[in-house]
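Quick notes on the structure that follows.
The values are calculated or read from the model by the stated rules, or taken from the named source; none is laboratory data. On a predicted model such as this, the values are computed, not experimentally measured, just so you know. Because the Cβ atoms are built from the backbone with ideal geometry, glycine has one as well, and the counts that use them run over all protein chains shown. Just the protein is used for accessible areas: all its heavy atoms, side chains included, with ligands, DNA and RNA removed. Shrake-Rupley method; radii C 1.70, N 1.55, O 1.52, S 1.80 Å.
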Amino acid sequence: MTTLVPVLGDQLSLDLSSLRAAVPGDAVVLMMEVAEETTYVRHHKIKLAYIFSAMRHHALALETAGWRVDYVRLDDPENSGNFTGEVARAIQRHDPERIVVTEAGEWRVAAMLDSWETLFGRPVEICPDTRFVCSHGEFDAWASERRELTMEFFYRDMRRKTGLLMDNGKPVGERWNFDKDNRKPAQADLLMPRPLRFTPDQVTRDVIALVNDRFGDHPGDLEAFDYAVTAADAERQAVSFFASALPQFGDYEDAMLTGERFLWHSILSPYINSGLLDPLDLCRRAEAAYRSGAAPLNSVEGYIRQIIGWREYMRGIYWREGPGYVDRNFLEHGRALPNWYWTGDTDMHCLSETIGQTLATAHAHHIQRLMVTGNFALLIGADPKQVHLWYLEVYLDAYEWVELPNTLGMSQFGDGGLLGSKPYVSSGAYINRMSDYCGTCRYNVKERIGDDACPFNALYWDFLARHRHKLEGNRRLAMPYRTWDRQSEADQQATLDQAAAFLRRLDIDGGASY
Ligand code: FAD
Ligand code: DLZ
Ligand code: SF4
């Protein structure tokens, strides 16, 4: 009996649940490069090259492991352009008795998988994705017992479930969370760790040529492509992170420095999200580093919290909130993102730096995404759906299940506070505290009014004033509203005028249509 096992581009793990439900001798693994997946957003060229190269290498790894693989390339003249069309063609080639597939990572593709049984008239088994710690059922059970879905409490349950950093049922160090210790600004340091660079092999060079040829109008370029594309090389990057960056990961988690794209971050999210690395295994190795004295608790706890806390929580929210989540727009924002989100061509240094490195590497770290590009988009009142599409397009690690709740929920407050207790907005002062960007900026971070004033300052107060009717009941915003109310009416008006003039200029000079 032949089983058809379609493996999608973010399912590149040898112990995938669908593979476990099949037997190599009786199965055909189907991998498909399809146009529809390349164009639902204009993915960064690095993301396209990465996925195709990682898929092609994974097909070889599957064959080495004894699987028969049917691999459909993008330039195959018969390629139908979408998953359903390719499964239909594969059924003609192999006449399988059943299809076994691991659940998809987003609503759009999940709907396709759901349609296959009726469409093809044969049994389709959709296996849960066991690469996550928390199942959909567990998350729903956790969420339905609560009025507020606080990540911290979810995280504690995941610590209990996995036993990570637990001693006799209690958190190691007698505290669940060491975030308070993790907000240090960084200094430029010649000894700073750097992610490993991987020279493209022939497989990668072929897909680079393909991407340049077919997707020339997508953002980014491929000249400096140096990401890992195999599980073995991703593992090398993990080893390097644990050895050289994990010890300082916690201290400098929120820091930003000009010209330093990676700092002490792991740069493993692309590999985890596409399946080359196993998130729980990475957490266990981080814990081992703590237990052996190789890394301090604040770093290891922080790292583990990002993965079994934030990452799992985002996924839970994505599936619980349903396909309509993408349309939430609590603050009723509708401004177009400036065109320079696609070029980095702005005189605001924090933004040109963050966007510039995003275009160059398809990566920016969490605080750059949240407090620079996200903060600015929220302050100017950008359409949250367009902001979501921008993040989905430009980041190598972006898949909707993780990108959407981070962007629309956490960063743009589009869900009105379902997953963030207050909007992540700040004036220039926060960026100045956590980075060296302001020192070489054309604007003065200390000024609110005038041609040289940092735009974030007036925009911050304008945002709070504009949304007062929706936000002033929020306990965490009581202090800024008190500060605003203490200012004279003339000062308040000058701030609002400054913001209005900035937004007018932005609409005239930089408005984009998506
Ligand atoms: P590290 O700083 O080394 O963190 C360790 C790991 O924790 C990461 O590899 C990642 O797997 C996980 N992690 C950390 N924070 C989060 C988080 N908030 N949500 C989920 N996982 C997290 N992450 C993505 O993987 N894909 C996305 O599309 C994505 N979009 C984002 C959009 C916005 C607006 C924001 C604010 C954050 C987004 N993040 C996203 C979270 C975070 O920015 C990235 O996970 C992180 O920058 C990846 O780099 P790293 O591997 O060096 O992470
Ligand atoms: C992102 C992406 C791209 C660009 N191309 C492909 C592809 O050609 N074939 C494939 O199997 N997967 C691709 N992916 C990843 C999918 O979009 C991802 O697996 C789905 O969004 C389900 O989460
Ligand atoms: Fe950004 Fe303002 Fe600092 Fe310039 S002064 S880098 S615009 S926060």
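How are the alpha carbon pair distances in the stretch 169-316 distributed across 5 Å bins from zero to the largest one, expressed in percent?
2, 9, 16, 19, 19, 15, 10, 6, 3, 2, 1, 0
What residues from the stretch 437-461 fall in the zone where the backbone N is under 11 Å from a label point 7 Å along the Cα-to-C-beta line of residue 501?
449-453
For the chain, what proportion of DSSP beta bridges, expressed in % and rounded to the nearest 5, is antiparallel?
Within the chain, antiparallel bridges account for around 20 percent of the total.
Expressed as a whole number of Å, what is the distance separating the alpha-carbon centroids of the stretch 145-188 and the stretch 291-310?
The distance from the Cα centre of the stretch 291-310 to that of the stretch 145-188 comes to 9 Å.
Restricting things to Cα coordinates, could you compute the convex hull volume per residue of the stretch 354-434 in Å³? Don't skip to the answer; put the middle values down first.
Details: hull volume 7.2 nm³, N = 81.
That works out to 89 Å³ per residue.
Could you tell me which GluC sites (Glu not before Pro) in the stretch 399-497 are loop residues by DSSP with no more than 16 other beta carbons within 10 angstrom of their beta carbon? Intermediate results must be reported in sequence, preceding the final value.
On the way: sites: 400, 403, 447, 472, 489; in loops: 447, 472.
Filter output for the stretch 399-497: 447, 472.
Using a Förster radius of 22 Å, what is the FRET efficiency between residue 327 and residue 112 based on their Cβ-Cβ separation? Nearest 0.05, please.
Step by step, r from the Cβ atoms, then E = 0.60.
Taking 0.36 nm per intervening residue step and subtracting the Cα-Cα distance, what contour gain separates residue 194 from residue 343 on full extension? Intermediate results must be reported in sequence, preceding the final value.
On the way: separation 149, 0.36 × 149 = 53.64 nm, distance 2.50 nm.
The residue 194-residue 343 span can extend by a further 51.1 nm.
How fast does the stretch 411-462 diffuse by Stokes-Einstein, in µm²/s, taking the Kirkwood radius from C-alpha pairs at 37 °C and 0.692 mPa s?
Values: Rh = 12.1 Å.
Here the translational diffusion coefficient equals 271 µm²/s.
Please tell me the relative contact order of the stretch 66-176 in percent, rounded to the nearest whole number, where contacts are Cα pairs under 8 Å and at least six residues apart. Spell out each step's value before the answer.
Values: 58 pairs, mean separation 18.4, N = 111.
Taking the mean separation of contacting Cα pairs over the length of the stretch 66-176, I get 17 percent.
Once phi is turned into θ = phi - 60°, what whole-Hz ³J(HN,Hα) does the Karplus curve with 6.51, -1.76 and 1.60 give for every residue of the stretch 365-371, x standing for Gly and Pro?
Once rounded to whole Hz, the list reads 8, 3, 6, 4, 5, 7, 9.
Could you work out the percent of alpha carbon pairs in the stretch 132-228 separated by over 18 Å, rounded to a whole number? The partial results should precede the final answer.
Details: 3301 of 4656 pairs.
Taking all Cα-Cα pairs of the stretch 132-228, the fraction more than 18 Å apart is 71 percent.
Based solely on C-alpha atoms, express the radius of gyration and the Dmax of the stretch 92-135 in angstrom.
When restricted to the Cα atoms of the stretch 92-135, Rg and Dmax are 11.8, 37 Å.
Relative contact order for the chain: what is it in percent, counting Cα pairs under 8 Å that are at least 6 residues apart? Present the calculation step by step, with values, prior to reporting the outcome.
Values: 787 pairs, mean separation 79.4, N = 514.
That works out to 15 percent.
For the stretch 274-355, which GluC sites (Glu not before Pro) are in a loop by DSSP, counting at most 11 other Cβ atoms within 10 Å?
On the way: sites: 287, 301, 312, 321, 332, 353; in loops: 332.
Of the GluC sites (Glu not before Pro), the ones in loops of the stretch 274-355 whose Cβ has at most 11 other Cβ atoms within 10 Å are 332.
Using only Cα atoms, what is the ratio of the radius of gyration of the stretch 64-146 to 2.2 N^0.38 Å? Don't skip to the answer; put the middle values down first.
On the way: Rg = 16.0 Å, N = 83, 2.2 N^0.38 = 11.8 Å.
Compared with the compact-globule rule of thumb, the stretch 64-146 sits at 1.36.
How large is ³J(HN,Hα), in whole Hz, for each residue of the stretch 153-160 in order, when computed from phi with the Karplus curve 6.51 cos²θ - 1.76 cosθ + 1.60 and θ = phi - 60°, using x for Gly and Pro?
6, 4, 4, 4, 5, 5, 5, 5
Got a sec? What order do 410, 1 fall in by accessible area at 1.4 Å, biggest, i.e. largest, first?
Values: 410 10, 1 130 Å².
Reading off the accessible areas and sorting them downward yields 1, 410.
Using 0.36 nm per residue of separation minus the Cα-Cα distance, give me the extension gain between residue 149 and residue 35 in nm, one decimal. If you can, show how the numbers build up before the last one.
Working: separation 114, 0.36 × 114 = 41.04 nm, distance 3.74 nm.
Computed gain between residue 149 and residue 35 is 37.3 nm.
Tell me the accessible surface of residue 119 in square angstrom (1.4 angstrom probe, heavy atoms of protein chains only), to the nearest ten.
Near enough 110 Å² of accessible area.
Using a 1.4 Å probe and counting only protein heavy atoms, arrange 385, 47 so the residue with the most accessible area comes first. Provide the component values of the computation, followed by the final result.
Details: 385 85, 47 0 Å².
Ranked list, largest accessible area first: 385, 47.
Report the gain in length on full extension from residue 475 to residue 488: 0.36 nm times residue separation, minus Cα-Cα distance, nm rounded to one decimal. Intermediate results must be reported in sequence, preceding the final value.
Numbers: separation 13, 0.36 × 13 = 4.68 nm, distance 2.33 nm.
Residue separation times 0.36 nm, minus the Cα-Cα distance, leaves 2.4 nm.
Sorted from largest to smallest, which semi-axis lengths in Å does the alpha carbon gyration tensor of the stretch 1-95 give for its equivalent ellipsoid, taking the root of 5 times each eigenvalue? Write down the numbers at each step before the final one.
Numbers: eigenvalues 99, 53, 22 Å².
Those come to 22, 16, 10 Å.
What distance in nm separates the two pseudo spin-label positions at residue 94 and residue 2, each 7 Å out from Cα along the beta-carbon direction?
Simple spin-label model gives 0.8 nm for this pair.
Please work out the Kirkwood hydrodynamic radius for the chain, using every pair of different C-alpha atoms, and report it in angstroms with one decimal place. List each step's numbers first, then the result.
On the way: mean 1/r = 0.0411 Å⁻¹.
Roughly 24.3 Å, rounded to one decimal.
For the stretch 368-514, compute Rg over Rh where Rg is the Cα radius of gyration and Rh is the Kirkwood radius from the inverse mean 1/r over Cα pairs. The partial results should precede the final answer.
Details: Rg = 15.6 Å, Rh = 16.2 Å.
Here the Rg-to-Rh quotient is 0.96.
Take the eigenvalues of the Cα gyration tensor for the stretch 34-75, scale each by 5, and report the square roots as semi-axes in whole Å, largest first. Working shown, then result.
Working: eigenvalues 109, 26, 8 Å².
Calculated on Cα positions only, the semi-axes equal 23, 11, 6 Å.
Over the alpha carbons of the stretch 261-345, what is the largest minus smallest coordinate on each principal axis, giving the biggest first in Å?
If we take the Cα atoms of the stretch 261-345, the spans are 51, 37, 26 Å.
Assuming R0 = 30 Å, can you tell me the calculated FRET efficiency for the pair residue 226 and residue 258, based on Cβ-Cβ distance, to the nearest 0.05?
Values: r = 21 Å, r/R0 = 0.70.
For R0 = 30 Å, the calculated efficiency reads 0.90.
With the dipole of the stretch 37-138 worked out from charges on the C-beta (+1 for Lys and Arg, -1 for Asp and Glu) around the Cα centre, which of 46, 91, 102 lies farthest toward the positive end?
Projecting each Cα onto the dipole axis, the largest value belongs to 46.
Could you work out the relative contact order of the stretch 351-507, using alpha carbon pairs under 8 angstrom and six or more residues apart, expressed as a whole percent? Don't skip to the answer; put the middle values down first.
Values: 167 pairs, mean separation 26.5, N = 157.
It comes to 17 percent, rounded to a whole number.
Can you give the helix-only mean residue ellipticity at 222 nm for the chain, where every DSSP H stretch with n ≥ 4 adds -39500 (n - 2.57) and the sum goes over all residues, rounded to the nearest 500 deg cm²/dmol? The partial results should precede the final answer.
Details: 23 runs with 232 residues, N = 514.
-13500 deg cm²/dmol, from helical runs alone.
Ordered by residue, what ³J(HN,Hα) values in Hz, to whole numbers, does the stretch 198-215 give under the Karplus form 6.51 cos²θ - 1.76 cosθ + 1.60, where θ = phi - 60° and Gly and Pro are x?
Each residue's phi maps through the Karplus curve to give 10, 6, x, 8, 4, 4, 5, 4, 4, 6, 4, 5, 4, 5, 4, 6, 9, 10 Hz.
When the Cα centres of the stretch 405-474 and the stretch 16-85 are compared, how far apart do they sit, in Å?
Using only Cα atoms, the two centres lie 42 Å from each other.
Would you list the P(r) distribution for the stretch 271-428, with all Cα-Cα distances sorted into 10 Å bins from 0 and each bin expressed as a whole %?
For the stretch 271-428, the pair-distance distribution reads 10, 36, 33, 17, 3, 0.
From the C-alpha coordinates alone, can you work out the Kirkwood hydrodynamic radius of the stretch 371-412, in Å? If you can, show how the numbers build up before the last one.
Working: mean 1/r = 0.0999 Å⁻¹.
When all Cα pairs of the stretch 371-412 are included, the Kirkwood radius is 10.0 Å.
If you count only protein heavy atoms with a 1.4 Å probe, what accessible area per residue comes out for the chain, rounded to a whole Å²?
So the chain comes to 41 Å² accessible per residue, rounded to a whole number.
Residue 30's amide H: which non-local residues (gap 5+, or another chain) put their own amide H closer than 5 Å, with H modeled 1.01 Å from N in plane and none for Pro or chain starts?
5, 7, 70
Could you pull out the GluC sites (Glu not before Pro) across the stretch 67-108 that fall in loop regions by DSSP (anything but H, G, I, E, B) with no more than 15 other Cβ atoms inside 10 Å?
Numbers: sites: 78, 86, 97, 103, 106; in loops: 78, 97, 103, 106.
Counting only loop positions with at most 15 other Cβ atoms within 10 Å, the GluC sites (Glu not before Pro) in the stretch 67-108 are 78, 97.
Once the dipole of the chain is set up with Lys and Arg at +1 and Asp and Glu at -1 on Cβ about the Cα centre, which of 177, 499, 337 lies farthest towards its positive end?
My answer, from the dipole projection, is 177.
Collect residues whose amide H, placed 1.01 Å from N in the peptide plane, falls under 5 Å from the amide H of residue 166; neighbours closer than 5 in sequence don't count.
HN-HN under 5 Å from residue 166: 172.
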